[in-house]
Amino acid sequence: MRFCGVLIICLWSFQVTWSQLLVDLARDFETSLLNNRIPDTTRFLPEYDFIIVGAGSAGCVMANRLSEISSVSVLLLEAGDQETFISDVPLTAALTQMTRYNWGYKAEPTEHACQGLKGGVCNWPKGRGVGGTSLINFMLYTRGHRRDYDEWAAANNSGWSYDELLPYFRKSERIGIPELYKSPYHGRNGQLDVQYTDYRSQLLKAFLKSGREMGYEITDPNGEHLIGFARSQATIRNGRRCSTSKAFIQPVVHRKNIHISMKSWVTRLIIDPITKTATGVKFVKQRKRYTVRARKEVILSAGTIASPQLLMLSGIGPAEHLREHNITVRQDLPVGYNLQDHITLNGLVFVVNDSTVNDARLLNPSDIFRYIFAGQGPYTIPGGAEAFAFVRTPSSKFAKDYPDMELVLGAGSLSGDRFGTMRNLLGITDEFYDYMFGDLQSKETFGLGSSVTATQKSGQNIVA
Ligand SMILES: Cc1cc2nc3c(=O)[nH]c(=O)nc-3n(C[C@H](O)[C@H](O)[C@H](O)COP(=O)(O)OP(=O)(O)OC[C@H]3O[C@@H](n4cnc5c(N)ncnc54)[C@H](O)[C@@H]3O)c2cc1C
């Protein structure tokens, strides 16, 4: 583990060039040292009860829960590999996005967004590997507003109201925040660790105080009210990322009724043309093609981009578009047409007369050793976000308890990104960076990220 810590710091310093090589080295080193290699199936049964496509946040939970039933068989197929300690460090989440754990999608150019970014396009990071996007995300544990779930239930999705889902949130969660142990909204015996980091800056205190001064309460964002200011609750375990692989897959790899297959690229779902149900999948592993059938269900959990893509490749999607690509239409449906993205501004930078978290400070050996040996200190801040606030803007037409904007307190800011990690992640050009932040590089600064969480369009609520 000590070696691991040194390696991650080197990786941070040398950046992307060496990242792929280091990810491979890290995986081999870690799996041989800790013997935590996920068994990778190469011999498949012709049929399983359930086939799960994609071992991301959702797929890992599904695999864990279904394989609790010892009489059913489960196949979990994942295009990527298993995680390593490279993705464990909460503060360097952005760095992980430069490795092969990110599919590296880019949006199409648009006149209305991403103008300061390379080629005028936004990066769309998406996780690849057992754990999926939970390997590269910022780990903030926020369930959202109860009304969003209730609206799903009202739209004919029975069982999806907040009250019906709460027992499952509690079942999954192992809350490590003593003041919430008795809260009816949290669980203490689940697999997914939700904790605060030990690190608390002066900025955090000031941020929460400013919230109070504006009339907001300091809340548990996963409790009674979402609106308010809060310290970041994060999916971390003793200062390190708790991915869904760690929470839900590592503990069940010994089960006899689950086969996990990595580097397995699903290319198509097999759809019965008469019943129009999915009866199996086709996938490629190590250049070999496989067809496996499902007795009960195929569960498609390949993420926001790959799930609709796989549906379309399997003949379910907008008929005209499928015909353009010579795909036989099984069902004409507007698949992919409800895609929504956060509208985010990350560039707000504030100069302060106190020490903040920036690349230069992080090379400080005491911070490095504190992280490696104790899982403490600034390296444990989830994605650099110490706290956040859900607020209702003055022009909002939503109900009083419903936020339309999220503000995220960064323990540092873009101007402290001397090694260029965040710049690369967001795709900011050097010219734009120098123009905006160049003069601030030597100053102590913190950042505020703002995201639109809900907008109203033609009387319809759109929740991001
Ligand atoms: C940069 C970033 C920061 C984020 N921060 C937060 C945060 O702080 N808090 C929060 O709650 N959410 C956050 N999110 C969002 C959250 O991580 C995702 O919503 C969630 O992980 C999605 O889960 P999923 O199971 O739908 O998909 P994923 O976790 O993306 O899983 C999909 C899986 O399917 C696999 N796959 C894809 N295609 C195929 C194929 N053809 N064959 C086989 N396997 C395939 C992928 O490799 C992947 O492992 C963040 C997201 C990003 C990108």
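The values are calculated or read from the model by the stated rules, or taken from the named source; none is laboratory data. Everything numeric in this text was worked out from a predicted model, so none of it was measured. Every residue, glycine as well, gets a Cβ built from its backbone with ideal geometry; the counts of neighbours run over all protein chains shown. These accessible areas exclude ligands, DNA and RNA; they are computed on the full protein's heavy atoms, side chains included. Shrake-Rupley method; radii C 1.70, N 1.55, O 1.52, S 1.80 Å.
Is it the case that region 216-232 has a residue that's under 21 Å from residue 41 (Cβ atoms) and among the charged types (D, E, K, R)?
Within region 216-232, not a single residue is under 21 Å from residue 41 (Cβ atoms) and among the charged types (D, E, K, R).
Taking residue 79, is it out of contact with any Asp or Glu (no Cβ under 7 Å at 6 or more places or on another chain), within 13 Å of the ligand (Cβ to nearest atom) and under 23 Å from residue 39 (Cα atoms)?
Against the criterion (out of contact with any Asp or Glu (no Cβ under 7 Å at 6 or more places or on another chain), within 13 Å of the ligand (Cβ to nearest atom) and under 23 Å from residue 39 (Cα atoms)), residue 79 qualifies.
Can you tell me how many residues in region 170-179 are part of a helix (DSSP H, G or I) and without any contact (Cβ under 8 Å) to a residue 40 or more places away in the chain?
Selection size over region 170-179: 4.
Those residues that are hydroxyl-bearing (Ser, Thr, Tyr) and touching a residue at least 40 places away in the same chain (Cβ under 8 Å), I need them from region 122-163; list them, please.
Across region 122-163, the qualifying residues are 133, 134, 141, 142.
Which of (1) over 20 Å from residue 50 (Cα atoms); (2) in contact with a strand residue (DSSP E or B) (Cβ under 7 Å, 6 or more places away or on another chain); (3) of a type in the set (Gly, Ala, Ser) is the odd one out, the single condition residue 317 does not satisfy?
Here residue 317 clears every test but (2).
Looking only at region 181-204, which residues are closer than 15 Å to residue 237 by Cβ, among the charged types (D, E, K, R) and open to solvent by 60 Å² or more (accessible area, probe 1.4 Å)?
Hits for region 181-204 are 188, 198.
Any idea which residue in region 236-246 is farthest from the ligand (Cβ to nearest atom), counting only those that are out of contact with any Leu (no Cβ under 6 Å at 6 or more places or on another chain) and open to solvent by less than 30 Å² (accessible area, probe 1.4 Å)?
That would be 239.
Among the residues of region 94-122, how many are within 10 Å of the ligand (Cβ to nearest atom) and either modelled with pLDDT under 90 or more than 21 Å from the chain's Cα centre (by Cα) (or both)?
Counting residues in region 94-122 that are within 10 Å of the ligand (Cβ to nearest atom) and either modelled with pLDDT under 90 or more than 21 Å from the chain's Cα centre (by Cα) (or both) gives 3.
Table: residues versus (1) at pLDDT 90 or above; (2) within 30 Å of residue 226 (Cβ to Cβ); (3) under 24 Å from the mean Cα position of the chain (by Cα); (4) basic (Lys, Arg).
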position: 412; (1), (2), (3), (4): yes, yes, yes, no
position: 424; (1), (2), (3), (4): no, no, yes, no
position: 427; (1), (2), (3), (4): no, no, yes, no
position: 438; (1), (2), (3), (4): no, no, no, no
position: 441; (1), (2), (3), (4): no, no, no, no
position: 444; (1), (2), (3), (4): yes, no, no, no
position: 453; (1), (2), (3), (4): no, yes, yes, no
position: 457; (1), (2), (3), (4): no, yes, no, yes
position: 462; (1), (2), (3), (4): no, yes, yes, no
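Which condition number in (1) under 15 Å from residue 77 (Cβ atoms); (2) within 15 Å of the ligand (Cβ to nearest atom); (3) among the β-branched types (Val, Ile, Thr) is the one that residue 344 fails?
Of everything listed in (1) under 15 Å from residue 77 (Cβ atoms); (2) within 15 Å of the ligand (Cβ to nearest atom); (3) among the β-branched types (Val, Ile, Thr), residue 344 misses just condition (1).
Check 266, 298 and return the single one that is assigned to a strand (DSSP E or B) and within 11 Å of the ligand (Cβ to nearest atom).
266
For region 301-323, does any single residue satisfy the condition of being of a type outside the set (A, V, I, L, M) and loosely packed, with under 14 Cβ neighbours inside 10 Å?
yes
If only one of 186, 259, 254 is modelled with pLDDT of 95 or more and outside any loop (DSSP other than H, G, I, E, B), which one is it?
259
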